[in-house]
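Below: one structure, written as structure tokens.
Bear in mind these aren't lab numbers, they're just calculated from the coordinates by the rules spelled out. Predicted, not measured: the structure shown is a model, and the values here were computed from it. We place every Cβ from the backbone using ideal geometry, glycine too, and count neighbours over all the protein chains shown.
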Amino acid sequence: MSGNIEISVFYETPSIEGVDKTIILWVSRHDPLPVQIKTLEQKLGHIKVIKVSGVIPTAQYVVDLVKKYNAKIVVPVLPMSFIAHLAEAGKRNGFIVLFAKMEAIAQVPPEEARKLVEEAPDKRTMTTYADSTAKVHEFRGFEKVKEVKIVTEPW
């Protein structure tokens with residue numbers, strides 16, 4: 001079920017004897033940006049970021065990883081239904097789900113997007129699309145996910 005999932009330590013604050021590190025699960029195919037690591041360290045102190053990448057089968061799979069690694073924070077880039085499950089599981093199991101707030105600052109041809117990212121590579125990233133455009137996003141901070149509601153009606 002989890003054959004094509006990669007789990008590795010992406011970043012770890014240099015060790016100081018006797019100082020515990022907050023374990024963060026970063027569940028995304030994208031690496032954390034340098035400013036995101038810096039923001040997490042400023043807020044939490046010493047950290048260890050474990051990156052989980054690949055096709056995540058279920059939200060419960062992530063909850064099981066939280067327990068396995070004793071993570072206190074999860075930063076997921078996953079379907080909204082998974083994030084909703086994680087937010088509820090976090091309340092029951094004592095971990096926090098963070099949302100990385102990314103602002104779209106431009107949708108331009110890829111070569112222009114690359115230039116915009118190069119202006120601030122520590123906080124910008126780009127996504128390319130099939131229509132030959134690229135969207136540039138800039139990190140604006142983390143927000144704690146308290147609740148996710150998916151409201152539907154018959155169609």
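Brief remarks follow.
- Extension gain, residue 69 to residue 29: 0.36 nm times the residue separation minus the Cα-Cα distance gives 12.5 nm.
- Proximal charge balance of residue 95 [Cβ under 10 Å; K/R count +1, D/E count -1]: +4
- Multiplying the residue separation of residue 153 and residue 111 by 0.36 nm and removing their Cα-Cα distance gives an extension gain of 10.9 nm.
- Range of Cα positions in region 31-96 per principal axis (Å), largest first: 29, 24, 20
- Cα-based equivalent ellipsoid of region 5-44: semi-axis lengths in Å, sorted from largest, via gyration tensor: 20, 13, 8
- Of the two radii for region 78-128, the radius of gyration is 1.19 times the Kirkwood radius, both from the alpha carbons; that is the Rg over Rh value.
- Per the Cα gyration tensor, the chain maps to an equivalent ellipsoid with semi-axes of 26, 22, 15 Å, ordered largest to smallest.
- Size of charge dipole - the chain - debye, nearest 20, with Cβ of Lys, Arg +1 and Asp, Glu -1, no other charges: 480
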